[in-house]
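First comes the structure, then the notes that go with it.
The values are calculated or read from the model by the stated rules, or taken from the named source; none is laboratory data. On a predicted model such as this, the values are computed, not experimentally measured, just so you know. Note that we place each Cβ from the backbone using ideal geometry, even for glycine, and neighbour counts take in every protein chain shown.
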Amino acid sequence: MSNTQDYVQWFRGAAPYIKAHRKKTFVIMVSDEVIFSDRFIGLVHDIALLNHLGIKLVILHGSRNSIDKHLQNNRLDSKFHQNIRITDSAALPFVVQAINEVKTHFDSQLSMGLPNTPMSGSEISLVGGNFVIGMPLGVIDGIDMQHSGKVRAIKHEAINELLALNHVVLLSNLGYSRTGEIFNLPTEELAGEVARALRADKLIFIQSGLSETETLASTLSTSQCEARLLDPTTPADLSSLLGQAILAIQAQVKRVHLIDPQVDGGLLLELFTRDGYGIMVTNLFYEGSRAACIDDIGGILSLIEPLEASGALVQRSREQIELEIMHFQVIEKDGMIIACIACIPDGEKMLAEIACLAVHENYQRAGFGNQLLQIAEDRAKTSGITLLYTLTTRTSHWFFEHGFIESSDFNLPTAKRDSYNPARASKILSKSI
Ligand SMILES: CC(C)(COP(=O)(O)OP(=O)(O)OC[C@H]1O[C@@H](n2cnc3c(N)ncnc32)[C@H](O)[C@@H]1OP(=O)(O)O)[C@@H](O)C(=O)NCCC(=O)NCCS
């Protein structure tokens, strides 16, 4: 395909996301090592683009590395308890200085006229203020955390008013108490609190280093996040983000995204492409969907029999489904199986067949097919599978739109080749995952 055709395809592919994100509220935390990296200028353009696409943005900047540097330059030790910085009175002025330095850099970059860039001529109105009310963390295990605080309240109505006027709200990790004291707040926690207070549509963390341990372009449910938190090999930085992700999803934030800005435009890839780029935490895909059990066989048969009769699906006997039931995922609504998929691994190779994908006709075009395929892909990836294939007579275009291709050099596994019915003339499609 020519470059111009790639561009046209990409633009068409992005259109549903542009429509879906308009007027939605995104809370974005950017860590300070990203802000002072050479990736930042690209990110600034992308933030400007989101603002111009009508997305309501609240941005929080991290300052951990800058605080460490300021304290070190002034010969003060960084002290921590339970992974939380202890901000004592001696450290506070340098902490405030470090935070202001990051904020000023952020302000200045977002205030550029963005000449010679894709966003040339665009202006962003950035506003900050005393939107975060803090309170002391107090004494933990006998240690006075002094000026290290937590969030007491977020002035969400004031923030919403500014967002409605298309301002971008920039927040630092400082909170002020009703008595005028200043508190240093953990930025990830503040971002989570802001997202929850605003009932944001998305909470996005942009932080380096995530790709060192995580598979990118993946989806996690909150229960998978909980399992990661219990796993001692999960790095502390990631745990803290996953903890915030769980709280946010439980408080009705729809999706949380963790993005390691390794490539220019990672944020755009995550938001405007189907496969995404970062790690998405959501329970939306999993609501109503579950692994099938033996009791579902009757429901699966009632769902697929009309499709088998019409020739859309290949015949499967009750016995065959019984044998393969552990590879099925179903969606149940009001006690009825309304959709199913099977992802059947090949015994020898790292590949699996996507089979028996069916959505009840009353529920088609609502995203259930897409949802099941994503779950099947996630599960396959988790078990080390790298290639999926499917045989289809009438749904090849649906699979093409989900990243499958028809390739002449794909060899069916032996057992499958033996059972292949040439009379059906099914197309063989595959997808690397
Ligand atoms: C194919 C199927 C699983 C899709 O499920 P779904 O939940 O409706 O799919 P989604 O909501 O994720 O996607 C819907 C989109 O796919 C399109 N689509 C549905 N069937 C399609 C097909 N055969 N070819 C191309 N596109 C198709 C719809 O038109 C819709 O696009 P639009 O909203 O832009 O019009 C469902 O239509 C089905 O059960 N079909 C019959 C069984 C079948 O053919 N299974 C595949 C066996 S290999």
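Values computed for the structure shown
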{"item": "Residue satisfying all of: in the range 402-429; among the charged types (D, E, K, R) and out of contact with any Lys or Arg (no Cβ under 8 Å at 6 or more places or on another chain); farthest from ALA355 (Cα to Cα) among these", "result": "ASP409"}
{"item": "Subset of the range 189-219 that is touching a strand residue (DSSP E or B) at 6+ places or on another chain (Cβ under 9 Å) and of a type in the set (D, E, K, R) - its residue that is surrounded by the most Cβ atoms within 10 Å (Cβ to Cβ)", "result": "GLU193"}
{"item": "Test: residue in the range 335-342 that is touching an Asp or Glu at 6+ places or on another chain (Cβ under 7 Å) and within 25 Å of ALA227 (Cβ to Cβ)", "result": "yes"}
{"item": "Residue selected from the range 389-411 under the condition among the hydroxyl-bearing types (Ser, Thr, Tyr) and either assigned to a strand (DSSP E or B) or within 13 Å of the ligand (Cβ to nearest atom) (or both), by the criterion surrounded by the fewest Cβ atoms within 10 Å (Cβ to Cβ)", "result": "THR393"}
{"item": "Qualifying residues in the range 412-427 (those that are small (Gly, Ala, Ser) and outside any helix (DSSP H, G or I)) - the one nearest to THR273 (Cα to Cα)", "result": "SER426"}
{"item": "Test for LEU267: is it modelled with pLDDT of 95 or more and under 30 Å from GLY192 (Cα atoms)", "result": "yes"}
{"item": "Selection status of LEU110, outside any helix (DSSP H, G or I), surrounded by 15 or more Cβ atoms within 10 Å (Cβ to Cβ) and at pLDDT below 95", "result": "no"}
